[in-house]
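Values quoted throughout were computed directly from the atomic coordinates according to the rules given, and no laboratory measurement underlies them. None of the values given here were measured: they were computed from a predicted structure. All Cβ positions, glycine included, derive from the backbone under ideal geometry; neighbour counts span all protein chains shown.
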Amino acid sequence: MNMGKITANTRAEVKDIVYSFFSEECEFDLSKINDDTNIISDLEGDSLMFLELIEIFKKKYNLSLELKTIAKYIVRHPVDTIGQLIDTQMLMIEHENNIINL
Amino acid sequence: MKEVVGCGIDIEEPARFRKKIPLPGQNTGFSDLVYTDCEIERNLRFRPDLSFPLGFSCKEAFFKSFGLSWTNSSISWKDIELLFADADDLQNYTVRLSGYAKEYYREKKCRCFESFLEYNAAYVLFQVVLLS
């Protein structure tokens with residue numbers, strides 16, 4: 001586990017990055033995004049955005065993460081909403097490739 | 001008589017890829033996730049502004065033709081490669097399947113596929129039809 005990468009502010013940082021990212025990429029009013037916002041039906045999110053986000057977080061938190069690991073985790077724990085995305089991202093920061101064992 | 005096993009089409013905006021194009025010898029995180037070294041090397045030589053988005057579009061089109069995605073199968077983005085041969089003619093390309101993509105292609109009893117790509121400054125498009 002990489003508890004060293006998790007601080008009291010990490011969740012707020014992750015939330016800020018995710019909200020800002022989708023607001024900009026989807027040209028969606030930031031004030032209208034919340035944790036229940038559906039990434040596909042509300043924001044028209046796509047694979048390219050998801051991959052971009054992975055790249056952002058890998059770089060920011062220096063994560064060792066394989067795409068296949070992420071894919072295997074998401075099959076069991078689908079991400080539909082912004083809130084679910086933030087939760088998943090927090091687990092990725094905390095556990096990196098060990099997320100598959102959760 | 002050939003039968004259609006699956007079909008997929010994808011359209012992308014080259015503008016969304018501008019920041020993702022790696023510098024020679026320095027891959028971006030995104031390019032490392034999606035493209036093989038061979039694709040990156042060729043794309044950088046052959047109209048990177050179009051070849052990278054076309055490569056992504058090709059991969060998405062194949063996923064759709066399989067009825068799968070990278071999140072619900074073992075197929076990796078790198079299992080599907082779009083390889084250009086000529087900078088002056090992006091219609092001169094081959095698609096190479098490997099790994100789980102190749103395995104799935106065989107499981108679906110595909111014998112061949114037909115593909116089509118088109119592009120302009122605003123959009124790129126890739127279409128594939130799998131045939132048995």
In degrees, nearest 10, the alpha-carbon axis of helix B:48-66 is tilted away from the dominant principal axis of the alpha carbons of chain B by 20 degrees
How far apart, in nanometres, would the label points at residue B:132 and residue B:23 be if each is projected 7 angstrom from Cα along the Cα-to-Cβ direction? 5.1 nm
Per Stokes-Einstein, at 10 °C and 1.306 mPa s, what whole-number D in µm² s⁻¹ belongs to chain B, with the Kirkwood radius over Cα pairs as the hydrodynamic radius? 107 µm²/s
Per-residue mean of C-beta atoms belonging to partner chains within 10 Å, peptide A:86-99: 0
With a point put 7 Å past each Cα toward its Cβ, work out how far residue B:2 is from residue B:106 in nm, to one decimal. 2.1 nm
Nothing charged except the Cβ atoms of Lys and Arg (+1) and of Asp and Glu (-1): what's the magnitude of the dipole of segment B:4-131 about its Cα centre? Round to the nearest 20 debye. 300 debye
Identify all lysines with a Cα-Cα distance to residue B:2 below 20 Å; exclude those on the same chain that are fewer than 8 residues away in sequence. B:64, B:102, B:108, B:109
Taking each residue of A:58-67 in turn, how many C-beta atoms of other protein chains fall within 10 Å of its C-beta, and what is the average? 2
Burial-style ranking of A:82-91, B:56-65, average other-beta-carbon count within 10 Å with highest first, yields B:56-65, A:82-91
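Convex hull over the alpha-carbon atoms of the protein assembly as shown: what's its volume per residue in Å³?
Dividing the Cα hull volume of the protein assembly as shown by its residue count gives 129 Å³.
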For residue A:37, enumerate residues with amide H under 5 Å from its amide H, sequence gap 5+ or separate chain, H modeled in the peptide plane. A:82, A:83
Using +1 at the C-beta of Lys and Arg and -1 at the C-beta of Asp and Glu, which of A:8, B:17, B:93 has the Cα lying farthest in the positive direction of the dipole of the protein assembly as shown? B:93
In nm, to one decimal, how far is the residue B:88 label point from the residue A:16 one, both placed 7 Å along Cα→Cβ? 5.3 nm
Per-residue Cβ counts within 10 Å, from other chains only, averaged over A:40-51: what number is that? 3
Could you list which residues have their amide H under 5 Å from that of residue B:76, counting only those 5 or more apart in sequence or on another chain, with H placed in the peptide plane? B:100, B:101
For segment B:89-99, Karplus-derived ³J(HN,Hα) couplings (6.51, -1.76, 1.60; θ = phi - 60°; whole Hz; x for glycine and proline) come out as 9, 6, 7, 8, 8, 10, 10, 10, 9, 9, x
Extension gain (nm, one decimal) between residue B:98 and residue B:37, 0.36 nm per residue minus Cα-Cα: 20.6 nm
Kindly provide the helix-only [θ] at 222 nm of chain B, computed as the sum of -39,500 (n - 2.57) over DSSP H runs of four or more divided by all residues, to the nearest 500 deg cm²/dmol? -10000 deg cm²/dmol
Added length on full extension, which subtracts the Cα-Cα distance from 0.36 nm per residue, residue B:114 to residue B:13: 34.1 nm
Using alpha carbons only, how many degrees (0 to 90, rounded to 10) separate the axis of helix A:47-60 from the longest principal axis of chain A? 50 degrees
Quick check: the angle from helix A:10-25's long axis to the longest principal axis of chain A, C-alpha only, nearest 10 degrees? 40 degrees
Expected output is a single nm value to one decimal: the length gained when fully extending between residue A:64 and residue A:77, i.e. 0.36 nm times separation in residues minus the C-alpha distance. What is it? 2.7 nm
